[in-house]
Amino acid sequence: VYCTLDELYHSSDIISLHLILVYSFVILAFVTAVVALGHWGGKIIPLIKIETPMPLLYPVKILANLGAIMLVCGLAMLTARRLKLNPKHQGSSWYDWYLLGIIWLVAVTGILSQVFRLADAIQPAFVVYYLHLVFVWMLFAYLPWSKLGHFVYRTAALLFVRMYGRGY
(Lines give C-alpha, C1' and ligand atoms only; values in the text may rest on other atoms or scores of the structure.)
Protein backbone atom coordinates (compact mmCIF):
# COMPACT_ATOMS: atom_id res chain seq x y z
CA VAL A 1 0.00 0.00 0.00
CA TYR A 2 1.44 3.36 -1.03
CA CYS A 3 0.84 6.51 0.97
CA THR A 4 2.65 9.79 1.54
CA LEU A 5 4.53 10.61 4.73
CA ASP A 6 1.89 13.19 5.55
CA GLU A 7 -0.82 10.52 5.36
CA LEU A 8 1.27 8.25 7.58
CA TYR A 9 1.65 10.98 10.20
CA HIS A 10 -2.10 11.58 10.32
CA SER A 11 -3.22 7.98 9.92
CA SER A 12 -5.01 6.39 12.83
CA ASP A 13 -3.43 3.12 11.76
CA ILE A 14 0.30 3.47 12.39
CA ILE A 15 1.05 -0.22 12.21
CA SER A 16 3.43 0.26 9.28
CA LEU A 17 5.57 2.68 11.30
CA HIS A 18 5.76 0.29 14.20
CA LEU A 19 6.54 -2.62 11.87
CA ILE A 20 9.61 -0.77 10.58
CA LEU A 21 10.87 -0.65 14.17
CA VAL A 22 9.93 -4.25 14.88
CA TYR A 23 11.68 -5.51 11.73
CA SER A 24 14.74 -3.38 12.47
CA PHE A 25 14.92 -4.81 16.00
CA VAL A 26 14.56 -8.36 14.64
CA ILE A 27 17.36 -7.73 12.11
CA LEU A 28 19.63 -6.15 14.71
CA ALA A 29 18.95 -8.91 17.28
CA PHE A 30 19.72 -11.54 14.63
CA VAL A 31 22.96 -9.79 13.65
CA THR A 32 23.96 -9.47 17.31
CA ALA A 33 23.33 -13.18 17.85
CA VAL A 34 25.34 -14.14 14.74
CA VAL A 35 28.29 -11.98 15.78
CA ALA A 36 28.19 -13.23 19.38
CA LEU A 37 27.97 -16.84 18.24
CA GLY A 38 30.76 -16.32 15.72
CA HIS A 39 32.96 -14.51 18.23
CA TRP A 40 32.47 -16.67 21.32
CA GLY A 41 31.47 -19.92 19.63
CA GLY A 42 34.34 -19.50 17.19
CA LYS A 43 36.75 -20.02 20.07
CA ILE A 44 35.37 -23.57 20.40
CA ILE A 45 34.38 -24.28 16.79
CA PRO A 46 36.89 -22.50 14.51
CA LEU A 47 34.66 -23.02 11.46
CA ILE A 48 32.09 -20.46 12.71
CA LYS A 49 34.64 -17.88 13.88
CA ILE A 50 33.89 -14.28 12.90
CA GLU A 51 36.66 -11.71 13.10
CA THR A 52 35.68 -8.26 14.26
CA PRO A 53 35.65 -5.53 13.16
CA MET A 54 34.07 -6.83 9.98
CA PRO A 55 34.60 -5.19 6.58
CA LEU A 56 31.72 -2.97 5.42
CA LEU A 57 30.86 -5.34 2.58
CA TYR A 58 30.61 -8.40 4.84
CA PRO A 59 27.00 -9.71 4.59
CA VAL A 60 26.41 -9.51 8.35
CA LYS A 61 27.65 -5.89 8.40
CA ILE A 62 25.42 -5.00 5.44
CA LEU A 63 22.43 -6.49 7.26
CA ALA A 64 23.37 -4.62 10.45
CA ASN A 65 23.59 -1.32 8.56
CA LEU A 66 20.24 -1.99 6.89
CA GLY A 67 18.72 -2.62 10.33
CA ALA A 68 20.27 0.59 11.66
CA ILE A 69 18.91 2.63 8.74
CA MET A 70 15.45 1.13 9.24
CA LEU A 71 15.65 1.87 12.98
CA VAL A 72 16.58 5.53 12.48
CA CYS A 73 13.96 6.04 9.75
CA GLY A 74 11.24 4.41 11.83
CA LEU A 75 12.22 6.41 14.91
CA ALA A 76 12.30 9.66 12.93
CA MET A 77 8.81 9.06 11.52
CA LEU A 78 7.35 8.01 14.89
CA THR A 79 8.98 10.97 16.66
CA ALA A 80 7.69 13.40 14.01
CA ARG A 81 4.22 11.88 14.28
CA ARG A 82 4.24 12.18 18.07
CA LEU A 83 5.37 15.81 17.86
CA LYS A 84 2.44 16.58 15.52
CA LEU A 85 -0.19 15.12 17.87
CA ASN A 86 -2.78 17.58 19.14
CA PRO A 87 -2.31 17.63 22.94
CA LYS A 88 -6.01 18.44 23.41
CA HIS A 89 -7.05 15.14 21.84
CA GLN A 90 -3.99 12.90 22.05
CA GLY A 91 -1.31 13.28 24.64
CA SER A 92 2.12 11.86 25.14
CA SER A 93 3.18 10.80 28.59
CA TRP A 94 6.65 10.92 30.07
CA TYR A 95 6.81 7.15 29.59
CA ASP A 96 6.16 7.51 25.84
CA TRP A 97 9.01 9.99 25.46
CA TYR A 98 11.33 7.97 27.70
CA LEU A 99 10.88 4.86 25.55
CA LEU A 100 11.46 6.82 22.33
CA GLY A 101 14.46 8.56 23.90
CA ILE A 102 16.09 5.32 25.02
CA ILE A 103 15.60 3.76 21.59
CA TRP A 104 17.11 6.90 20.02
CA LEU A 105 20.11 6.63 22.36
CA VAL A 106 20.56 2.96 21.48
CA ALA A 107 20.42 3.77 17.76
CA VAL A 108 22.71 6.80 17.84
CA THR A 109 25.36 5.21 20.08
CA GLY A 110 25.32 2.04 17.97
CA ILE A 111 25.88 4.01 14.78
CA LEU A 112 28.52 6.23 16.39
CA SER A 113 30.37 3.14 17.63
CA GLN A 114 30.74 1.99 14.04
CA VAL A 115 31.67 5.47 12.80
CA PHE A 116 34.43 5.78 15.41
CA ARG A 117 35.71 2.28 14.62
CA LEU A 118 35.84 3.13 10.90
CA ALA A 119 37.65 6.38 11.70
CA ASP A 120 40.14 4.35 13.77
CA ALA A 121 39.28 6.47 16.83
CA ILE A 122 39.61 3.62 19.30
CA GLN A 123 39.12 5.50 22.58
CA PRO A 124 35.86 7.25 21.57
CA ALA A 125 34.67 4.00 19.97
CA PHE A 126 35.00 2.09 23.25
CA VAL A 127 33.42 4.87 25.32
CA VAL A 128 30.46 5.16 22.95
CA TYR A 129 30.13 1.37 22.72
CA TYR A 130 30.07 1.16 26.52
CA LEU A 131 27.28 3.77 26.56
CA HIS A 132 25.50 1.80 23.83
CA LEU A 133 25.53 -1.31 26.05
CA VAL A 134 24.26 0.71 29.01
CA PHE A 135 21.37 2.08 26.93
CA VAL A 136 20.53 -1.39 25.61
CA TRP A 137 20.43 -2.60 29.21
CA MET A 138 18.21 0.35 30.17
CA LEU A 139 15.83 -0.53 27.32
CA PHE A 140 15.51 -4.12 28.52
CA ALA A 141 15.31 -3.15 32.20
CA TYR A 142 12.50 -0.67 31.44
CA LEU A 143 10.64 -3.14 29.22
CA PRO A 144 8.10 -4.41 31.80
CA TRP A 145 7.00 -0.85 32.66
CA SER A 146 6.81 0.42 29.08
CA LYS A 147 4.25 0.03 26.35
CA LEU A 148 6.30 -2.98 25.32
CA GLY A 149 5.43 -4.67 28.60
CA HIS A 150 2.59 -6.56 26.96
CA PHE A 151 5.24 -8.69 25.21
CA VAL A 152 6.42 -9.85 28.61
CA TYR A 153 3.03 -10.19 30.30
CA ARG A 154 1.19 -11.72 27.36
CA THR A 155 3.94 -14.29 26.84
CA ALA A 156 3.88 -15.20 30.53
CA ALA A 157 0.07 -15.45 30.50
CA LEU A 158 0.06 -17.70 27.42
CA LEU A 159 2.73 -19.91 28.96
CA PHE A 160 0.72 -20.18 32.19
CA VAL A 161 -2.44 -21.11 30.27
CA ARG A 162 -0.63 -23.80 28.28
CA MET A 163 1.09 -25.27 31.33
CA TYR A 164 -2.16 -25.72 33.23
CA GLY A 165 -4.28 -26.85 30.29
CA ARG A 166 -6.71 -23.95 30.22
CA GLY A 167 -7.56 -21.77 27.30
CA TYR A 168 -6.92 -22.59 23.73
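The values are calculated or read from the model by the stated rules, or taken from the named source; none is laboratory data. All values reported here derive from a predicted model rather than from experimental measurement. Here the Cβ is made from the backbone with ideal geometry for all residues, glycine too, and neighbour counts use every protein chain on show. The accessibility values were calculated without ligands, DNA or RNA, using every heavy atom of the protein model including side chains. Shrake-Rupley method; radii C 1.70, N 1.55, O 1.52, S 1.80 Å.
The table below lists the values:
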{"item": "Cα long-axis angle, helix 15-40 against the chain (0 to 90 degrees, to the nearest 10)", "result": "20"}
{"item": "The chain - percent of accessible surface contributed by carbon and sulfur, probe 1.4 Å", "result": "73"}
{"item": "Helix axis angle, 122-142 relative to the chain longest principal axis, alpha carbon, degrees", "result": "40"}
{"item": "Set of lysines near Lys88 by C-alpha distance (under 25 Å), chain-local residues within fewer than 8 positions excluded", "result": "Lys147"}
{"item": "The chain, accessible area per residue, ligands and nucleic acids excluded (1.4 Å, Å²)", "result": "70"}
{"item": "Nearest-ten-degree value, helix 94-118 long axis tilted from longest Cα axis of the chain", "result": "20"}
{"item": "Mean Cβ neighbour count within 10 Å, used as a protection proxy, ranking 79-88, 96-105 highest first", "result": "96-105, 79-88"}
{"item": "Phi-based couplings in Hz for the stretch 53-59 (Karplus 6.51, -1.76, 1.60; Gly and Pro marked x)", "result": "x, 7, x, 4, 8, 5, x"}
